[in-house]
1. If you take the charge dipole of the chain about its Cα centre, with +1 on Lys and Arg Cβ and -1 on Asp and Glu Cβ, which of PRO57, VAL106, THR145 is farthest toward its positive end?
2. What distance in nm separates the simple spin-label points at THR188 and ARG211, each placed 7 Å from Cα in the Cβ direction?
3. Cα-based Rg of the stretch 93-136 per 2.2 N^0.38 Å, rounded to two decimals?
4. Against the longest alpha carbon principal axis of the chain, how many degrees, from 0 to 90 and to the nearest 10, is the axis of helix 105-118 turned?
5. Quick check on the stretch 140-183: take the gyration tensor over C-alpha atoms, sort the square-rooted eigenvalues as a ≥ b ≥ c, and tell me if it's rounded (a/c under 1.5), prolate or oblate.
6. Rounded if a/c is under 1.5, else prolate if a/b is larger than b/c, else oblate: which is the stretch 1-118, with a ≥ b ≥ c the root eigenvalues of its Cα gyration tensor?
7. Could you give me the ³J(HN,Hα) list for the stretch 199-210, computed from phi with Karplus coefficients 6.51, -1.76, 1.60 and θ = phi - 60°, whole Hz, x at Gly and Pro?
8. Note the full-extension length gain between MET93 and GLU136 as 0.36 nm times their separation in residues minus their Cα-Cα distance, in nm to one decimal.
Amino acid sequence: MPAHILIVEDDENIARMIEAALAIGGYTSKVAGDGARALVEIASGGYDLILLDIMLPKLDGFQVFESKGDISTPVIFLTAMADVPSKVKGLRMGAEDYIVKPFEAVELLARIEVVLRRTHLADTTLVYHNITVEVERHEVTMNGTPVVLTPKEFDLLVFFIKNIDIALTRERLLSAVWGYSFSGETRTVDTHVQQIRKKLGLHECLLTIPRLGYRLESQKNS
């Protein structure tokens, strides 16, 4: 199942932009427009990550964080407060990350991917037809036989399996697997995709989308 993310944001336009970005990333989400509502949602459970604005009505983001108690759902602060003391305060409180507005959607998705990976919220075992991926052990088998992948090939395969039937741009793949600050070329993605296809026999189901990127099909083509 995709990660379910709580967006705590009082600006409707920004909230919609974040919702759209999360949908592109394959995540589901819900919006809380103020701090008090956020606490109700957090207490209800079911969220894998909280994107928490700081300047909110009723309760600010720092108050929400302090009031959530021992609920361990990871938090990324999203805020226009770019001053260092606010950032330090947020991180010292225990937030996983702190992103200053305005930010690009691709950066947000990359940061989310890193946090979810770090907090072990991804499935530990992924299965795609005859391929099994043990995420924690970094092991891949095909029909029970081990397949050796480089670290980036492994991460790319995991990302494709988590986003089956979704057209992914080369830029999106670069940001998610190599990091949003990666300065290399999109040909890096093409090279790694070719290797994954070759090693795992995915030529018929890891499709090239012209002028866009790639899509891993849920059903293998006959």
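Derivation of every value follows stated rules applied to the coordinates shown; laboratory data play no part. Quick caveat, the model's predicted, so the values are computed rather than measured. Cβ: placed from backbone, ideal geometry, glycine included. Neighbour counts: every protein chain shown.
1. It is THR145, whose Cα lies furthest towards the positive end.
2. 2.6
3. Numbers: Rg = 14.2 Å, N = 44, 2.2 N^0.38 = 9.3 Å.
Taking N as the residue count of the stretch 93-136, the ratio is 1.54.
4. 80
5. Details: a/c = 3.99, a/b = 1.62, b/c = 2.46.
Here the stretch 140-183 falls in the oblate category.
6. The shape class here is rounded.
7. 6, 10, x, 9, 4, 8, 10, 9, 8, 8, 9, x
8. Details: separation 43, 0.36 × 43 = 15.48 nm, distance 2.75 nm.
Gain on stretching MET93 to GLU136: 12.7 nm.
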